[in-house]
1. Amide H neighbours of SER147 under 5 Å, counting only residues 5+ apart in sequence or on other chains, H built in-plane at 1.01 Å?
2. How much accessible area does GLU245 have with a 1.4 Å probe, in Å² rounded to the nearest 10?
3. Kindly report, to the nearest 10 Å², the accessible surface of MET244 as traced by a 1.4 Å probe over protein heavy atoms only.
4. Rounded, prolate or oblate for the stretch 83-211? Axes are the square roots of the Cα gyration tensor eigenvalues, ordered a ≥ b ≥ c, and the cut-off for rounded is a/c under 1.5.
5. Along the stretch 156-173, what does the Karplus equation 6.51 cos²θ - 1.76 cosθ + 1.60 (θ = phi - 60°) give for ³J(HN,Hα), rounded to whole Hz, x for Gly and Pro?
6. In what sequence, largest accessible area first, do TRP185, TRP53, TRP192 appear using a 1.4 Å probe?
7. Using only alpha carbons, build the gyration tensor for the stretch 39-122 and give me the equivalent ellipsoid semi-axes, biggest first, whole Å.
8. Take the Cβ-Cβ distance between LYS84 and MET238 as r, set R0 to 35 Å, and report the resulting FRET efficiency rounded to the nearest 0.05.
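The values are calculated or read from the model by the stated rules, or taken from the named source; none is laboratory data. Not measured: the values here are computed from a predicted model. Here Cβ is always computed from backbone atoms with ideal geometry, including for glycine, and neighbour counts include all displayed protein chains. These accessible areas exclude ligands, DNA and RNA; they are computed on the full protein's heavy atoms, side chains included. Shrake-Rupley method; radii C 1.70, N 1.55, O 1.52, S 1.80 Å.
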Amino acid sequence: MYHQYIMVIIFLFLTGSAVVLQANLCLEEEILLLPPVNFTVMVTGLSKVLLRWKPNPNQDPRINCVKYNVKINIPNEDDYETRKTQSTSVNVLHRGFSASVQTILHCGFRFFQSNWVSAELQAPPGAPGTSAMNLTCVTNILRDEVSLHCTWIVGRNASEDTQYFLFYRFDIYTEECHEYRKDSWNRNIACWFPETAIDRKGRGKLAVHINGTSKQMAIKPLDQLFDLHAIDQVNPPMNVTAKMEGNRLFIQWEKPISNFPRKCFDYEVDIYNIRRDYSQIQKIQGNSFDLIIDPTCKYSIKVRATVHFDCRKNGLWSEWSQSIYVGEYEPTHMTEWLLSVLMATICFLLLSLFFICRICHVWTKLFPPIPRPNSKVKDLFISNIYEKTRSGETEIEAISYVEYPGLDNLDDSVF
């Protein structure tokens, strides 16, 4: 016990001496800081780089409270301070990597810094436009295991014999995909991990790497980082039930299979009126919901869930639960299909009947045209009319020229 007291006293004395020495040093007009030496960057995992350096051996030994400023130049600009002589950076590496470091010193209100030293990693080889594109990944908890599903499309300049391979890394665990889905050219375009080492709470970052091979060209790799909370898709709600009492609809469900407690979930309820072809979506925080409806209509109901921001950052919505139905009216798909087939058959028969009648002259046989009169009968008919017309004119003329007796005498008497 006595020795421990002595060690504490010695430590406090040395610390106090260092503080006093540093304070006296800060009173000087200028302090020369030298940059670190032996700065290197090294890949230690998928999208993971170790930066390492050493203090400058020529630095003034009185300066012993320095820090280091680390700056990431490529692929994404970032900077931070550390007292250590090494640092880990998680970044995509398919475009290369570049970083710089310098020595810094804070003396009260004064600040000193050294020159920068830099190191870099070259971008991996590969022809432009051959890497996988549009990479998307989704995680899901199933039977207390986190599954991972990723999809991508083939690079626009990739050859037909290109084959892609996917790897993921979470923390220190790395795994290669063994279950792929292929396109028509037998190229891998999706991957499925039924079980992974990913955190069930959706914390941390997921690194995904896709490389490729081809006999015709070098395939450029692709790296991508995902925030787990953003790609985690919870399961649909369970045991959705609904019942109608008069004009009120009551809906209940249970929380999804998840490590998150009941209070962490938000829900959306989709209520679809089949007869009126109208849907309304209600946002709910509890596990039940009721509303006033038209009791003469048939309704389809489904529910989906997500974890709200009080438990983690907002992520993806779950898939919709299986639809359930309440109410009186529900036109089945079979009835609609039979009506469509019946209408098509009627139209086909009518068109067929029309073309048969047109080709076989059935209409003419059913309704023959009225025959025209014979030419001789027609001439005789016209001749009779002509004779009657002439005789009629003669009679009129005869009547017009009849002279009455005594007409001349009457004229003479007048004039």
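1. Distant-sequence amide H within range of SER147: ASN140, ILE141, LEU142.
2. 100
3. 60
4. oblate
5. Coupling constants for the stretch 156-173: 5, 9, 6, 6, 5, 8, 5, 10, 10, 9, 10, 10, 10, 9, 10, 6, 9, 9 Hz.
6. The ordering from most to least exposed comes out as TRP185, TRP192, TRP53.
7. Equivalent-ellipsoid dimensions as semi-axes: 26, 13, 10 Å.
8. After rounding, the FRET efficiency stands at 0.15.
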